[in-house]
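Structure, as structure tokens:
The values are calculated or read from the model by the stated rules, or taken from the named source; none is laboratory data. None of the values given here were measured: they were computed from a predicted structure. Cβ: placed from backbone, ideal geometry, glycine included. Neighbour counts: every protein chain shown.
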Amino acid sequence: MTEMTSLDLWVILTATVCACACATSGVFLVLRGLAMLADAVSHSVLFGIVLAFLLTGSRAPLVILVGAGIVGVFTALAAQFLNKEGKLQEDASIGVSFTWLFAVGVILVSAFAGRVDIDQECVLYGEIAFVPFDTLTLWGVEIGPRAFWMLLVVAVIDIIVVLFSKARFELVTFDPSFAETAGIKSRRWHYLLVCLVSLTSVASFEAVGVILVVGMMVIPPNIALLFSRGTTSMLWLSNLFAVLSAVLGYWLAVAIDASVSASMVVVAGCLYGVMALLKYGMATVTAVPSKRAELLEL
């Protein structure tokens, strides 16, 4: 393995904070059975990014963030409308809304490729290896990659919102009827979760692409779900496996000269497979002695 350089370190740090932001906002998506929504929002924000640029002519981060965030929330609203009013199943309503918006976004990118510095390959895969070259300067001093600091702020926002709202998220997730009785509006908390997912997707979009965003929002929380007995432990474990996937995935990409983002998701998937085998293997081993004891009692 080659010696780690400062460029390697910045890529790993950026991937780590991105993974933590995605895993944190993805926990309650997984618990609510809305993992597909992460895919929907992450793809549909492309339409918001391109539309914001075409309407304003600006690529300022705030403009892009607002445009993509609005479309992210609109995706959730459209999916809910199709589910409630169109009588579509929940997964079908999500699939219809996000594929249409993503397709429109791809058409806009293709039509205005000469004006917008983005393409479909960039959207899907990202290129996190180039992150260290786009630095942020503060008071005349370079303080590191712009993507790292943006994702760090988003990760902190995600963690603070989830930790301070954990009790209400739990209530609307596990007992929405009681939540409504207690005066907690489930729909508002649903949209807050969608806003977090949209914010995280947009911040991660340029640097890492859709694949890493969706992978880290879905796979680490599902790994954590195998071993967790509560949401607190699930949040901790989700972030742990997300960081592990990011670090190991980077070195896998270096070793085989492959896409960094895709390698991280591959490692996350492999970790899920190993942990699932470990979980169910342990359950089988402990079940055999108990079954033997039952037979002896007979």
State whether one or more residues within segment 36-52 are in a loop (DSSP other than H, G, I, E, B), closer than 21 Å to ILE211 by Cα and out of contact with any His (no Cβ under 6 Å at 6 or more places or on another chain). no
Evaluate the following for PHE178: is it part of a helix (DSSP H, G or I) and either modelled with pLDDT under 85 or touching a His at 6+ places or on another chain (Cβ under 8 Å) (or both)? yes
For segment 219-233, which residues satisfy the criterion of being crowded, with 24+ Cβ neighbours inside 10 Å and either in contact with a Pro (Cβ under 9 Å, 6 or more places away or on another chain) or closer than 16 Å to VAL266 by Cβ (or both)? ILE219, PRO220, ILE223
Filtering segment 31-62 down to residues that are of a type in the set (S, T, N, Q) and either touching a Cys at 6+ places or on another chain (Cβ under 7 Å) or under 22 Å from SER238 (Cα atoms) (or both) yields SER42
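Residue by residue, here is whether (1) of a type in the set (Phe, Trp, Tyr); (2) closer than 21 Å to ARG229 by Cβ; (3) modelled with pLDDT under 90; (4) surrounded by fewer than 19 Cβ atoms within 10 Å (Cβ to Cβ) holds:
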{"site": "TYR250", "(1), (2), (3), (4)": "yes, no, no, no"}
{"site": "VAL254", "(1), (2), (3), (4)": "no, no, yes, yes"}
{"site": "SER261", "(1), (2), (3), (4)": "no, no, yes, no"}
{"site": "VAL267", "(1), (2), (3), (4)": "no, no, no, no"}
{"site": "CYS270", "(1), (2), (3), (4)": "no, no, no, yes"}
{"site": "MET275", "(1), (2), (3), (4)": "no, yes, no, yes"}
{"site": "VAL285", "(1), (2), (3), (4)": "no, yes, yes, yes"}
{"site": "GLU294", "(1), (2), (3), (4)": "no, no, yes, yes"}
{"site": "GLU297", "(1), (2), (3), (4)": "no, no, yes, yes"}
When every residue in segment 202-244 that is closer than 14 Å to ALA35 by Cβ and small (Gly, Ala, Ser) is compared, the one farthest from the chain's Cα centre (by Cα) is ALA224
When segment 35-50 is examined, which residues are found to be under 19 Å from THR173 (Cα atoms), more than 8 Å from the chain's Cα centre (by Cα) and buried (at least 24 other Cβ atoms within 10 Å of the Cβ)? LEU37
Might you let me know whether segment 37-47 holds any residue that is farther than 19 Å from PHE241 by Cα, of a type outside the set (Asp, Glu) and touching a Pro at 6+ places or on another chain (Cβ under 8 Å)? no
Inter-residue pairs, beta-carbon under 7 Å, first closer than 18 Å to THR16 by Cα and in segment 122-138, second modelled with pLDDT of 75 or more and among the polar types (S, T, N, Q), 6+ apart: TYR125/SER259; TYR125/SER261; GLY126/SER261; ILE128/THR14; ILE128/SER261; VAL131/THR14
